[in-house]
1. Mean residue ellipticity at 222 nm from the helices of the chain, using -39,500 (n - 2.57) per DSSP H segment of n ≥ 4 over the full residue count, to the nearest 500 deg cm²/dmol?
2. Counting only heavy atoms of protein chains, what accessible area per residue, in Å², does region 134-255 have with a probe of 1.4 Å?
3. Counting only heavy atoms of protein chains, what accessible area per residue, in Å², does region 14-103 have with a probe of 1.4 Å?
4. Given 10 Å bins starting at zero, what is the percent of C-alpha pairs of the chain in each, up to the one with the largest pair distance?
5. Measure off, as a whole percent, the carbon and sulfur share of the 1.4 Å-probe accessible area of region 119-179, all protein chains present.
6. Please sort 223-231, 59-67 by packing, taking for each peptide the average over its residues of neighbouring beta carbons within 10 angstrom, highest first.
7. Suppose all protein chains stay in the model; what accessible area per residue would a 1.4 Å probe give for region 257-332, in Å²?
8. Using a 1.4 Å probe on the protein chains only, how many percent of the accessible area of region 246-332 belongs to carbon and sulfur?
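The values are calculated or read from the model by the stated rules, or taken from the named source; none is laboratory data. Just so we're clear, the structure is a prediction, and the values are computed from it rather than from any experiment. Because the Cβ atoms are built from the backbone with ideal geometry, glycine has one as well, and the counts that use them run over all protein chains shown. Note: accessible area is taken over every heavy atom of the protein model, side chains too, but ligands, DNA and RNA are not part of it. Shrake-Rupley method; radii C 1.70, N 1.55, O 1.52, S 1.80 Å.
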Amino acid sequence: MTLEALLEAHGAVRGDAGQILDYGDQESEGRALLERAGLVLRTDLTVLRLEGDSALELLHNVTTQALQDLPQGASRQACLLTPKGRILGCFTVVRADHLHLVVARDALPRVQPVLARYGMLLDVEVSESQADRHVVELLGPAADTVLGAAGLPVPAARLLEAMADGFVVGQPVGDLPGHLLWLSASAIETLAGAPGVDLVGQAARERLRIDVGQPLDGAELTDSVLFNEAGLEDHVSWNKGCYPGQEPVVMAKHRGHPPRLLCHLQVEGDTLPPVGTTLAVEEREVGEITSVAVGLRAPAIRALGYVRHAAAEVGNALTLPDGRRARIERLP
């Protein structure tokens, strides 16, 4: 069975951009993520492959992360920045048989040309990996059990297992166990047929993402956002040498603060405010919503948004244009 046939057999509902929104019952899919295991086809992600003896040196030199000592069979999170410290893209660096980056498709036009330009200097080739493999995510309390039942290795968090047709990376989402996988269609079919797993669409996955406060490329992570504003502490090494954008990042860390902070919000009412809705304190605009959804763990409206530093305190109540309040629950 092809991947398309598998999706058709399960009644996949597609969005305008081709992403799999759901399989007909978001609430059931949400319960699978929280109580069992959910398999998400991540059509929004792709894999870049870096080939050349200096590939690891290249990534160490141009990203926020220390990668010169990344061992075989491990992964780390990293970002590529502009010289002013704004985010071009964030990704998972995977050192398997080759060096790979799991990156958002939306970020490719910003990330790939920069890596290719530096790659020319070090004789490193950067290319999108095989079209017959796909990125999927397995999330939920039973994720490890499902992997074992499908005959796949079960790596610990941030470690990986390479296979003939891809790799598996231990990558939790918040406090939820999880794995990021790059597999052939046949391997995905086997995994989808394992006992205890449900296919889950992007809509339920998006609700989980906002529940746990995970920023997303294209929403919270764009080239208008400074690295320090997004709170990506697991994407940076504060001890490594120079990289593009390091000076403003270090200065904001040690000599002041970023202009805004990414905040996790709970919004009053039962109607979702649109993305871009402004947030105010005493009629003074202090931020805006970047993502919003009804939470999976509780039916309250959850949102992510950037708020000016002076107003970004846990417990602060911000006002929407319709008079509702959004209370800051967590900072990054």
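1. About -6500 deg cm²/dmol.
2. 37
3. On a per-residue basis, region 14-103 sits at 37 Å².
4. So the P(r) values, bin by bin, are 6, 25, 32, 26, 11, 1.
5. It is 53 percent, rounded to a whole number.
6. Ranked from most to least packed, the peptides come out as 59-67, 223-231.
7. Per residue, region 257-332 has 51 Å² of solvent-accessible surface.
8. Exposed carbon and sulfur together represent 50 percent of the surface.
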